[in-house]
Amino acid sequence: MSTFAKFFFEVGMLAKTPRSGFPFLGSGKQSVAEHVFRMLNIAFVLAQVSDEAVDKLHLMQLVLFHDLPETRTGDQNYVNHKYVQVEWEKLFGELETELPFGAVIVALVREYEARATPEARLAYDADQLEFITTVKEQMDLGNPLAADWLPPALARLKTSVGKKLAEEIMTTRADAWWFSNKSDRHWIDRGRGEKDVD
């Protein structure tokens, strides 16, 4: 049971591991765990609307574990990747022997990276769509650099359903889910049913 306990503590590091690209963007922040959580929700939607038949549970597992190695490597941004080489085989070997079901987890990470299965391509698009959503939020908040970050992410999308969802993200304001009807009495009455007093 001690290996399970160690695994739970290791997974917890993802909540403390920052996504490292935001200093380059100049605004925003996000942990790897926050990224994975929204990505899981995006993958769930992709699985529901995809034209391809996919194993939904397998897709969710790919998403859940795709960034687990970052507990040990940290989040490597695009600049880091130019100069820092991760010892992937050493890392995978240790994950396989140290973690419960480590071989299963490593196989999922390898499949995600290969993008050779329909589930892996959808997982990859969920990753890109989560990034696009996050950067679009920063654009809507007025970051002038954010718009430049979006075309490369849009170009990385692999599936037709991912591309369609990206179009919707790009044309939807980040606050549209809760503040789309600004003339609603709710906003005037502050949601408490208050009436104007003469």
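The values are calculated or read from the model by the stated rules, or taken from the named source; none is laboratory data. This one's a predicted model, so the numbers in the text were calculated from it and none came from an experiment. Note that each Cβ is placed from the backbone with ideal geometry, even for glycine, and that neighbours are counted across all protein chains shown. Quick note on the areas: whole protein, heavy atoms, side chains included, nothing else; ligands and nucleic acids left out. Shrake-Rupley method; radii C 1.70, N 1.55, O 1.52, S 1.80 Å.
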**Request:** Could you grab me the full set of residues in the range 58-71 that are within 20 Å of residue 165 (Cβ to Cβ) and open to solvent by less than 30 Å² (accessible area, probe 1.4 Å)?
**Result:** 59, 62, 63, 66
**Request:** Give the range 99-113 a look and list any residue that's on the phi < 0 side of the Ramachandran plot and assigned to a loop (DSSP other than H, G, I, E, B), or say none.
**Result:** 99, 100
**Request:** Kindly check whether there is at least one residue in the range 72-83 that is of a type outside the set (Ser, Thr, Tyr) and closer than 22 Å to residue 159 by Cβ.
**Result:** no
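Rundown of residues vs (1) under 20 Å from residue 63 (Cβ atoms); (2) open to solvent by 70 Å² or more (accessible area, probe 1.4 Å); (3) out of contact with any helix residue (DSSP H, G or I) (no Cβ under 8 Å at 6 or more places or on another chain); (4) among the basic types (Lys, Arg), yes/no style:
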{"residue": "126", "(1), (2), (3), (4)": "yes, no, no, no"}
{"residue": "131", "(1), (2), (3), (4)": "yes, no, no, no"}
{"residue": "144", "(1), (2), (3), (4)": "no, yes, yes, no"}
{"residue": "153", "(1), (2), (3), (4)": "yes, no, no, no"}
{"residue": "159", "(1), (2), (3), (4)": "yes, no, no, no"}
{"residue": "173", "(1), (2), (3), (4)": "no, yes, no, yes"}
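Tell me yes or no: at least one residue of the range 51-60 is of a type in the set (Asp, Glu) and within 22 Å of residue 18 (Cβ to Cβ).
No: zero hits.
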**Prompt:** In the range 114-124, which residues are open to solvent by 10 Å² or more (accessible area, probe 1.4 Å) and assigned to a helix (DSSP H, G or I)?
**Reply:** 114, 118, 119, 121, 124
**Asked** Among helices (runs of 4 or more DSSP H) lying entirely in the range 1-57, which contain 3 or more residues that are open to solvent by less than 40 Å² (accessible area, probe 1.4 Å) and in contact (Cβ under 8 Å) with a residue 60 or more places away in the chain?
**Response** 32-49
